[in-house]
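Q: Supplied in C-alpha cells, the structure appears directly below.
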Amino acid sequence: MNAFTHRNGVLHAENVSVEELAGRYGTPLYVYSRNHLRAQYRALADAMREVAPLICYSVKANSNAAVMRTFLEEGAGLDIVSGGELFRGLRAGADPGRIVFAGVGKTRDEIVYALREGIRFFTVESEPEAERISRCAAETGTTGRIAFRVNPDVDPRTHKYISTGKKENKFGLDPARAARAYAWAAGLPGIEIAGLHMHIGSQILSAEPFAAALGRVAGLCAELRDRHATFRALDIGGGIGIRYSPDAVPLAPGDFARAVTPTLRALGLDVVLEPGRFLVGNAGILVCRVQYIKENAVKKFVIADAAMNDLIRPSLYEAYHEITAVRARGGTIKGDLVGPVCESGDFLAVERDLPAVAEGDLLAVRSAGAYGFAMSSNYNSRPRAAEVMVEDDRAELVRARETWEDLVRGEV
C-alpha cells in the first residue's frame, strides 16, 4: 500500500494531513503509517506461509517502541544486535523466546543479559565469541543456544557498505571453517547447537542472490542436522529491497518466496526470517520546513531544517530519497536540498529536480522509515526529531522531540 498520498493538493499520511501534523508537532518530524507496517508484515507472512517462518523484525531499522509493538501484535519476533535493543524489545512486550541476537562484537554483559532472559539463540560470528558464550552460560547456570553465521560468498549486488555476505566482509565464517567450528563448539560446556544463520546484505532487488546463497549452505545444513540432534533452525536473514526512486522495481514478497521456499521446504528446518527495511522503509517520511532559498554562481540550494543528523543515508551511502512537496504548487527547482549542519556532506538530495518551494513551505522525504531516526544523532548539538504514528484518521506522538536540556542531560 501507499500510505502517503496527495488529496486536494495536500500530502496525507493515511487519512491525516501532513500539514496539520507539522503544525501540531513541529519539524523536522518523522511520520509513520501503522497500516503500512501491518500490510508489509502480512504480505511477507502470506508469501512465505508454505514454510511458516518466524519473522523476527530487525530492530536496528527502526527501534521505536510503537513500531516494534505493531509487529509484535502481528506475531513477530525480534532480531537484535545489542543489549540496548534487547532492553527495548522486552520493554515493548516481546517474548524473549522469539528473539535472536546477532552482531560481531557482543560484550560479556550483553551475553549474560540475553542468557538470563532466555533468548531463542545467538548468531555467532567467530570461535572466540562461542567460547565467551560458553563461559557466560557456565557462570550463570544457563544454556547458550547458538547458530554460527555462515558467509556464502555471494554478491548481493547492493551498495558496498550494506553488502555482508562476501568473503571480504567482516561477518561470518566460510562454509568449511563453519563445519569445523560446529564440531568444536559441540564440545563446549553450556552450548547447544541450535541452527545456522546467514545474511548476505541489505536492499537487494533480485531474488537470485538469496537462492544462490541458500544453495551454498543447504548441504552443510543437512550435514549438521544429521550430526546434532538439537540443530533445528535455518535463519536466512533479511535484505529484501524496497522502492526508493519512482522508477525502481522492488523485490516482491512473492518473487522472494518462490526463490527460497523450494530449498527451505526440502531441508525441513524451522525457518527464521529477519526483515527490517522491507517492513518499515516506505512506512515513514521525514517532514521538514524550508528556511531559505540560496543561489550562487553555479547552483541553487533549498535549505531546510532537516539535516544529515536527522537522515544520514544520503550523505553516508549517496542514497536516493524521493522529495515531495507537502502542498503541491507545481513546477520544479533544479538544485540541492541541504540542511544547516556545518558539513559539505550535509544534503538530502543533490542535483535534483526538486519541488518548487518558497521559505516556510513543507517538504516530505519519502522512504525514511528505515535507518532514519535510528541512525540520527545530536551532531552540531541538534535535538533529535519527534516521531508520530498515524492509523486511519488518528495520530499519536510516539517519541517527543528532544530539547536543549536533553542535549546536556547526564553531563557533569
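Q: Which of the residues that make up region 307-321 are among the acidic types (Asp, Glu) and crowded, with 19+ Cβ neighbours inside 10 Å? If you could, list the steps in order and put the result at the bottom.
A: As a first pass, look at region 307-321 and keep what is among the acidic types (Asp, Glu): 310, 318.
The one that is among the acidic types (Asp, Glu) and crowded, with 19+ Cβ neighbours inside 10 Å: 310.
Q: Given the options 134, 63, 58, name the one that is farther than 24 Å from residue 33 by Cα and either hydroxyl-bearing (Ser, Thr, Tyr) or at pLDDT below 95 (or both).
A: Working: 63 fails: farther than 24 Å from residue 33 by Cα; 58 fails: farther than 24 Å from residue 33 by Cα.
Of the residues listed, the single one that is farther than 24 Å from residue 33 by Cα and either hydroxyl-bearing (Ser, Thr, Tyr) or at pLDDT below 95 (or both) is 134.
Q: Considering only residues that are buried (at least 17 other Cβ atoms within 10 Å of the Cβ) and among the acidic types (Asp, Glu), look in region 359-401 and name the one that is nearest to residue 203 (Cα to Cα).
A: The qualifying residue nearest to residue 203 (Cα to Cα) is 387.
Q: Given the options 270, 247, 235, name the one that is over 16 Å from residue 179 (Cα atoms), touching a Ser or Thr at 6+ places or on another chain (Cβ under 9 Å) and not hydroxyl-bearing (Ser, Thr, Tyr). I'd like the intermediate steps shown before the answer.
A: On the way: 270 fails: touching a Ser or Thr at 6+ places or on another chain (Cβ under 9 Å); 247 fails: touching a Ser or Thr at 6+ places or on another chain (Cβ under 9 Å).
The match here is 235.
Q: Looking only at residues in region 328-358 that are among the charged types (D, E, K, R) and modelled with pLDDT of 95 or more, which one is surrounded by the most Cβ atoms within 10 Å (Cβ to Cβ)? Quick ask: steps written out before the conclusion?
A: Taking region 328-358 first, the residues among the charged types (D, E, K, R) are 329, 334, 336, 343, 346, 351-353.
Still in the running and modelled with pLDDT of 95 or more: 334, 336, 343, 346, 351-353.
Details: 334: 10, 336: 19, 343: 14, 346: 21, 351: 10, 352: 19, 353: 12.
Residue satisfying both the conditions and the ranking: 346.
Q: So, in region 4-51, exactly how many residues are surrounded by 20 or more Cβ atoms within 10 Å (Cβ to Cβ), touching a Phe, Trp or Tyr at 6+ places or on another chain (Cβ under 9 Å) and of a type in the set (Gly, Ala, Ser)?
A: Number of matching residues: 2.
Q: Further, regarding this structure: Does any residue in region 343-361 that is more than 21 Å from residue 329 (Cα to Cα) come within less than 7 Å, Cβ to Cβ, of a residue that is part of a loop (DSSP other than H, G, I, E, B) and of a type in the set (Gly, Ala, Ser) six or more places away or on a different chain, and which pairs are these?
A: Filtered contacts from region 343-361: 346/307; 346/339.
Q: Any chance region 79-101 includes a residue that's out of contact with any helix residue (DSSP H, G or I) (no Cβ under 9 Å at 6 or more places or on another chain) and buried (at least 21 other Cβ atoms within 10 Å of the Cβ)?
A: yes
Q: Select from region 137-156 the residues that are of a type outside the set (Val, Ile, Thr) and either modelled with pLDDT of 95 or more or in contact with a helix residue (DSSP H, G or I) (Cβ under 6 Å, 6 or more places away or on another chain) (or both) and list them in ascending order. It would help to see each step written out before you state the result.
A: Step one: filter region 137-156 for residues of a type outside the set (Val, Ile, Thr), giving 137-139, 141, 144-145, 147-149, 151-153, 155-156.
Residues satisfying the conditions are 137, 138, 139, 141, 144, 145, 147, 148, 149, 152, 156.
Q: Given 89, 93, which one is at positive phi, at pLDDT 95 or above and either in a loop (DSSP other than H, G, I, E, B) or out of contact with any His (no Cβ under 8 Å at 6 or more places or on another chain) (or both)? Write out each step before concluding.
A: Numbers: 89 fails: at positive phi.
Unique residue meeting the criteria: 93.
Q: Oh, and also: I'm trying to understand the selection: among the residues of region 293-327, which are small (Gly, Ala, Ser) and either modelled with pLDDT of 95 or more or closer than 24 Å to residue 282 by Cβ (or both)? Give the derivation first.
A: Here is the first cut: in region 293-327, the ones small (Gly, Ala, Ser) are 297, 304, 306-307, 315, 319, 325.
Hits for region 293-327 are 304, 306, 307, 315, 319, 325.
Q: Within region 294-315, is there a residue that is in the same structural domain as residue 19 (by TED's automatic domain parsing), among the aromatic types (Phe, Trp, Tyr) and more than 28 Å from the chain's Cα centre (by Cα)? Working first, answer last.
A: If we filter region 294-315 for residues that are in the same structural domain as residue 19 (by TED's automatic domain parsing), which is where we start, we get 294-315.
Next, only the ones that are among the aromatic types (Phe, Trp, Tyr) stay: 301.
Of the ones still in play, those that are also more than 28 Å from the chain's Cα centre (by Cα) are 301.
Yes; the residues of region 294-315 include at least one that is in the same structural domain as residue 19 (by TED's automatic domain parsing), among the aromatic types (Phe, Trp, Tyr) and more than 28 Å from the chain's Cα centre (by Cα).
Q: Then there's this: Quick one: which strands (runs of 3 or more DSSP E) lie wholly within region 344-412 and hold at least 1 residues that are of a type outside the set (A, V, I, L, M)?
A: Because the criterion is at least 1 residues that are of a type outside the set (A, V, I, L, M), the strands (runs of 3 or more DSSP E) in region 344-412 that meet it are 347-355, 386-391, 394-399.
Q: Ok, one more. Got a sec? Which strands (runs of 3 or more DSSP E) wholly within region 241-308 have at least 3 residues that are touching a Gly at 6+ places or on another chain (Cβ under 7 Å) and of a type outside the set (S, T, N, Q)? Before you say what the answer is, go through the steps one by one.
A: On the way: elements: 270-273, 284-295, 300-304.
Of the strands (runs of 3 or more DSSP E) lying wholly inside region 241-308, those with at least 3 residues that are touching a Gly at 6+ places or on another chain (Cβ under 7 Å) and of a type outside the set (S, T, N, Q) span 284-295, 300-304.
The values are calculated or read from the model by the stated rules, or taken from the named source; none is laboratory data. Remember, predicted model here, so these are calculated numbers, not experimental data. Positions of Cβ are backbone-derived with ideal geometry, glycine not excepted, and every protein chain shown enters the neighbour counts.
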